[in-house]
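The values are calculated or read from the model by the stated rules, or taken from the named source; none is laboratory data. Nothing here was measured: the structure is a model prediction, and the numbers come from that model. Every residue, glycine as well, gets a Cβ built from its backbone with ideal geometry; the counts of neighbours run over all protein chains shown.
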Amino acid sequence: MPGKLKVRIVAGRHLPVMDRASDLTDAFVEVKFGNTTFKTDVYPKSLNPQWNSEWFKFEVDDEDLQDEPLQITVLDHDTYSANDAIGKVYIDIDPLLSSEAATVISGWFPIYDTIHGIRGEINVLVKVDLFNDLNRFRQSSCGVKFFCTTSIPRCYRAVIVHGFVEELVVNEDPEYQWIDRIRTPRASNEARQRLISLMSGELQRKIGLKVLEMGGNAVVGYLQCFDLEGESGLVVRAIGTACTLDKLSNPSAALLPACNSPSKDMKEAPFSEDPNPNTHSSGPSTPLKNQTYSFSPSKSYSRQSSSSDTDLSLTPKTGMGSGGSVGKEGGPLKTLLRQQTQSALEHREFPFFTLTCFPMGFLVHVGGVVSARSVKLLDRIHNPDEPETRDAWWEEIRQEIKSHAKALGCHAVVGYSETTSICEEVCILSASGTAAVLNPKFLQDGCLDSCSEHRLEEPSPPSCGFCHIPYDELNMPFPAHLTYCFNCRRQKVPDVLFTTMDLPLEAAVTGKGCLIQARLCRLKKKAQGEANATAISNLLPFMEYELHTQLMNKLKLRGMNALFGLRIQISVGENMLVGLASATGVYLTALPTPGGIQIAGKTPSDISYEQHISNMQKKINETIAKNKELYEIIPPESIDEMIGSPIPEPRQRSRLFRSHSESSDEVSELDLSHGKKDAFVLEIDDADAVEDIHSLLTDAPLPTGFYSCNTEIMPGIYNWTSGVQMFTSVRVFRLNNTNLTNQGLNKIFNDLCENLLKSLYFKLRSMIPCCLCHVNFAVAVPEDELIQVAVTAVAMTFDKDQAQENLKLYVDKTLMKVITENEEQLQFPLELCSDSQSGNPFSPIKGTGLQENAGMHIVPSAQRATSVDYSSFADRCSTWIELIKLKAQTIRRGSIKTTSSLEKASPVSEGHSRLRSTTSNTGCTVAVVKMTPLSFIPGAKIIKYLGIINMFFIRETTSLREEGGVSGFLHAFIAEVFAMVRAHVAALGGNAVVSYIMKECVFMENPNKNQAQCLINVSGDAVIFVRECDLEALPVQPQTSAAQTSSSGGEVPA
Amino acid sequence: MAYSAPDSADKALRMAMELDVFVGNTTIMDEEVYQLWLDGYTVTDAVSMRVRSGILEQWGACQAVLESDTTDHYRTFQMAERLLHCPSKLANQLLFQIPPQRQAMLIERYYAFDPAFVRELLGKKLSKGTKKDLDDVSTKTGVTLKSCRRQFDNFKRVFKVVEEMKGPLVENIKQHFLLSDRLARDYGAIVFFANIRFETGKKKLQYLNFEDFAFCAGQLIQNWTVGAVDSMVEDMDVDLDKEFLQDLKELKILITDKDMLDQHKSLVCTALRGKIQVFAEMEANFKNLSRALVNIAAKLMHTKDVRDFFIDLVEKFIEPCRSDRWVLCDVKAFLTQYMNSARALDAFKQQAIWERYMTVIRSCILKMYHE
């Protein structure tokens, strides 16, 4: 009995009238936890009852504490008939189980009824007394902290990043149980809500156990989703990155223990502070301070044993001697790096990271997007305790991702996420991430010893290092044009880079970024079972291909060369597939200037046609020019002139030369082809292509004063002011035309998205100048002729004038800040940046100091197709790889994939918290709770994480018309969900939710029956933040209430 | 080739939009759209009015965007409306996150009314019957029926809440409905008029606007109600002080006692000689005017005559003066002198009542006297 849960019911207010005769209510409350129930007295005849109950005490196992929600039911007492339920409040008490999170839950909670919505509020007090449990074989994982944020949370320091954790639990969906035929909709909804809440708790507990086993104490980038598989059941699954986090006692203190080294055996000593802190530290603010971040090579926990052998066999050139590979590559260093990284990661079954933003120096190279998709037929889950099929499905996909990453010469996958789309009995499972090479220092034991040696190694400048190719340039996994990095001129870079992660803060970027979307619909015949799955499998590769073509075209049209936060969603419906790819386009200074788009007509044609072509070409050229101006993209040539040294230094040049001479013909050929900048050709050979070009040009330009991106930070905007407006917008479109063509459908879908964006800009016009950040689109095909698009994003104001003047200055400062913040918060090694800043960037082949950890190294292969399984319909469809190869002359890409996607990428920026707010604070009496999908709040500092918010709600109505139709119904429901999230955060003592996402919004309607139902699942991290100006004024942490939050200019648009 | 969707296609797209919602963490409420909603315009009307305001060109938006935005706002307002019925709820409800200064704006605008509309309703019983006739009022005033209903319901809601409340009327309204001082005063007047049911609809009173009446109501509330005598008295502010009304008939001595009447007249005349333009007319009419004012006082003990208070003032005093072309400052000088001179009448013992009566009469007449 390791815990005591104490609950007190204080009062209610704004209760509904339950007794028509008296216009009053005789309310009482039932408090239930597990199987124990307490009741308050009836407070007669009042809409604002004051129960002031005693403390109800539940003595429970901490396992139950983690799994069960506290359930509070408000009822109206009726002497003669059954008591009427007014509504319920579910409280997740998990935040109370961690000593560093909240200590008490106290506040007003909306009383929620699945049929009537919010009906008044109840004031509740909850506390937990935990007794220490020394049992090693315990089932609970109390105390493991969970974060939705996909970067290291701001008031923590990462001691060790352990790696990937995953888990899934399955159950029967109460909605499909026989009993559902006889119970009321309310009872059914409540059963579902309760079950999902229970399953979430169980899932979290199990993941927590895995984390403890790995020696960690936290999960970062925790993403939990549920799959409503209908008849076949309910799956709740989660992935995350296990870490050992250390709370920063004083976030502004500069001097912290310098070095942490993880021990080899996690079980004996999960992490230990190094006894000899590095004495090199010279002062609080100097970037030269020598600190080391260590990365534990602990083995990832998983049910299945590692199957690395089979993985390796997927790529043909494994096991090649290191000598051979050195000879082939431009420099041996890359190989060494790879060897070390690999050896460290080799132990992990899945070297995946759900993080999207990393501490400086963590990422060495980025290969490109890797993704896998697989179509499955759902069958009934027979034994909920053994969810093996679902596990095997994901296992398969993850293996594929892993092998793709290897093909790209990478050993890790970052910005990793998994999604599903279900229609009837067909399910598309998707996973995607970004293949990357991580710094061997982080992946190796005894990092302290190697510190000095590493200092000699060639450092890649942080602003471009990650762009350098990780793969062997002679055996490129896909056709790409390589050039020398435009930033350092020493290493090769691809011409285009696609990634699922956030833009690294230290990356050198020219101009501003922008949201780029590719949209696509494909009709599909209605079918059943295997035939249906086959049809979908066959369509997928074409969709992927077209989405990529669109993305690439749109990227070029904006004069940019890289995509971040790429998220490709393919949703399946009865008679169509809808694909939506979103990403943030950026001009990376390190990458070559993208060539324009050239239109080539089909062979000799009449004059009017030629004219038409040239008109289009003109329009495209104009658009590119306009976009360059809009996004302030100044060609790097002119920047070079400005900076003044475009020519590499003699030594460097000689090396360049040498590498040329060493390299085969292929390299020079590549360089040659780069000379033709306009090599990107769009062929108009059929109506489709014409359509494509149209859709390219119909993307409405952003209204003046607006920018948008789907990442955490907007490249080119650094001075946020305090205005923050998070919103959700949902649209459902009914296709009336029964015989639609693909083109017609595409146009409708495209217009739907464009108009939605236009509406958002109009709605938020009072916030100008402002940027829509973390724009997250979710598409669904809920019924035959319906397309649903839901967007959640945050609009943030910024100071325009400063943006222009101080841009350059700010970038420098940000870099410095990153460094110092890393020192303070993250303890990452700083040699890299300091070296680059001291202008000593060159010592190419001195990688000998690196420890060679034997192990196998993978030479990426161009024969990627070997890793693909052609077999059954249910498997990924990979034929399109061939397709890509055929078209490779016209389309070049920075990503590799068989069938790709990624459901969600909630990117995060690190070290970006210290943003100045120009708006001053004015007092505010109401407890405001801010919500944002980002991990930070501009102009404020997060001082405490109070726990994860993970809520699931169902709302149903049988009086749709009376509630204002579908729009009225959903509008009210979303507002209610926001209200309940805010109330829970406020009750935890918080004043904001960061990394907020709406993971699910399932809407079903039956207008004929006047009915509708909606399910919403949201999550985020409850935090306390203080405005920076307050922080300066008050050295002591201010009161935990939410009172100090919003400034008058703050969250007040329109 | 046209790249922007033509209007017809645009329309088709809108028709097929099954659902379209926008929900912000901070509830976005556009003041202009709020006003259009309060004014009772339909979404379609509101959209075309916004189009005419040039907002489309300003923001490069299209009609569909405006329609979606307007519909969304209207829905938000409808959802918030029940909270506005009890403004104190707005501050501690959890559904909408609205900054305090915006809450105040929402409430103030919701309870604001059209002067033309309120003028029609002033003094009428706030009953179902009156509500039924609102379409006539709507036609007459040009205020939409929807807006008329909202305003009527506001009047009735405020009336019902403060009717039975103790303490100062305006203060009660202010506290319960969180209105500004000015608006609370106006509601005080409306409630007061509705309670006493003063006649304001007669043709002769048509020239008076709401502001005139509101001022008079303020005077009456301040001086003639029970609460006026002693603010500490915990009683209603909406009813006139019955005792005082009874006492008023004692003022009759001013006109029944011939000596006193003459003495009063000579005092006034002495004081005003050469000071007003209409001295001769005043001198000739003094007894009539005095009789009129005192008779009004004496009649006030009957509820029916209280209702005719304003019509009496106009018929018995204002009209005669106006026909003699008195200017406002002459009226002012006369009334001031008329009131003050009574103090010098030794035989006149009802000084306190006189003062209480005449202060109100004087300021009401001055307000109602439009040259």
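Values as computed for the structure displayed
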read-out: Filtered residues of the range A:78-112 (kept if away from chain B (no Cβ under 14 Å) and not in a loop (DSSP other than H, G, I, E, B)); value: A:D84, A:A85, A:I86, A:K88, A:Y90, A:I91, A:D94, A:P95, A:L96, A:L97, A:I105, A:S106
read-out: Test for B:L95: is it more than 8 Å from chain A (Cβ to nearest Cβ) and surrounded by 15 or more Cβ atoms within 10 Å (Cβ to Cβ); value: no
read-out: Pairs with Cβ under 6 Å, 6+ apart, first in the range B:353-371 and of a type in the set (G, A, S), second assigned to a helix (DSSP H, G or I); value: B:S363/B:Q219
read-out: Number of the condition not met by A:P769 [criteria: (1) touching a Lys or Arg at 6+ places or on another chain (Cβ under 6 Å); (2) farther than 21 Å from B:D69 by Cβ]; value: (2)
read-out: Subset tally (residues that are of a type in the set (K, R), surrounded by fewer than 24 Cβ atoms within 10 Å (Cβ to Cβ) and at pLDDT 85 or above) for the range A:336-389; value: 1
read-out: Candidate set: the range A:731-743, residues that are in contact with an Asp or Glu (Cβ under 8 Å, 6 or more places away or on another chain) and within 12 Å of another protein chain (Cβ to nearest Cβ); chosen: the one surrounded by the fewest Cβ atoms within 10 Å (Cβ to Cβ); value: A:N736
read-out: Qualifying residue in the range A:480-490 (condition: modelled with pLDDT of 80 or more, in a loop (DSSP other than H, G, I, E, B) and buried (at least 22 other Cβ atoms within 10 Å of the Cβ)); value: yes
read-out: The one condition in (1) within 10 Å of chain B (Cβ to nearest Cβ); (2) assigned to a helix (DSSP H, G or I); (3) among the hydrophobic types (A, V, I, L, M, F, W, C) that A:V791 fails to fulfil; value: (2)
read-out: Unique residue being touching a Cys at 6+ places or on another chain (Cβ under 8 Å), within 30 Å of B:G54 (Cα to Cα) and in contact (Cβ under 8 Å) with a residue 12 or more places away in the chain when the list is A:C771, A:C753; value: A:C771
read-out: Any hit, the range A:516-526, residues being crowded, with 24+ Cβ neighbours inside 10 Å, modelled with pLDDT of 90 or more and under 19 Å from A:L630 (Cβ atoms); value: yes
read-out: Matching option when the condition is touching a residue at least 40 places away in the same chain (Cβ under 8 Å), over 24 Å from B:Q175 (Cβ atoms), crowded, with 16+ Cβ neighbours inside 10 Å and in contact with a helix residue (DSSP H, G or I) (Cβ under 7 Å, 6 or more places away or on another chain), among B:E67, B:E108; value: B:E67
read-out: Enumerated helices (runs of 4 or more DSSP H) restricted to the range B:246-348, each holding at least 3 residues that are closer than 21 Å to B:A217 by Cα; value: B:279-299, B:303-307, B:309-312, B:328-341
read-out: Criterion: at pLDDT 90 or above, under 27 Å from the mean Cα position of the chain (by Cα) and within 11 Å of chain B (Cβ to nearest Cβ) - qualifying residue of A:A1022, A:A986, A:A1012; value: A:A986
read-out: Checklist (1) closer than 24 Å to A:I954 by Cα; (2) assigned to a helix (DSSP H, G or I) applied to A:L75, failing item; value: (2)
read-out: Residue count for the range B:50-84, restricted to those that are facing chain A (nearest Cβ under 10 Å), more than 26 Å from A:A975 (Cα to Cα) and at pLDDT 90 or above; value: 0
read-out: Qualifying positions in the range A:712-730 - more than 7 Å from every other protein chain (Cβ to nearest Cβ) and at pLDDT 90 or above; value: A:V724
read-out: Residue that is surrounded by the most Cβ atoms within 10 Å (Cβ to Cβ) [pool: residues in the range B:23-47 that are more than 27 Å from the chain's Cα centre (by Cα) and of a type in the set (D, E, K, R)]; value: B:D30
read-out: Candidate set from the range A:750-767 (those that are polar (S, T, N, Q) and facing another protein chain (nearest Cβ under 9 Å)); member that is farthest from A:A790 (Cα to Cα); value: A:S766
read-out: Criterion violated by A:N35 - all others in (1) over 23 Å from A:G3 (Cβ atoms); (2) modelled with pLDDT under 90 satisfied; value: (1)
read-out: Long-range neighbours under 7 Å by Cβ, at least six apart or interchain, first residue more than 7 Å from chain A (Cβ to nearest Cβ) within the range B:16-29, second of a type outside the set (D, E); value: B:T27/B:T76; B:T27/B:F96; B:T27/B:Q97; B:T27/B:I98
read-out: Residue within the range B:144-151 that is in contact (Cβ under 8 Å) with a residue 40 or more places away in the chain and part of a loop (DSSP other than H, G, I, E, B) present; value: yes
read-out: Lone qualifier among B:E243, B:E211, B:E234, B:E250 - being among the charged types (D, E, K, R), surrounded by fewer than 20 Cβ atoms within 10 Å (Cβ to Cβ) and modelled with pLDDT of 90 or more; value: B:E211
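Table: residues versus (1) at pLDDT 90 or above; (2) in a loop (DSSP other than H, G, I, E, B); (3) closer than 25 Å to B:V314 by Cβ.
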| site | (1), (2), (3) |
| --- | --- |
| B:K174 | yes, no, no |
| B:R182 | yes, no, no |
| B:R185 | yes, no, yes |
| B:G188 | yes, no, yes |
| B:V191 | yes, no, yes |
| B:K204 | no, no, yes |
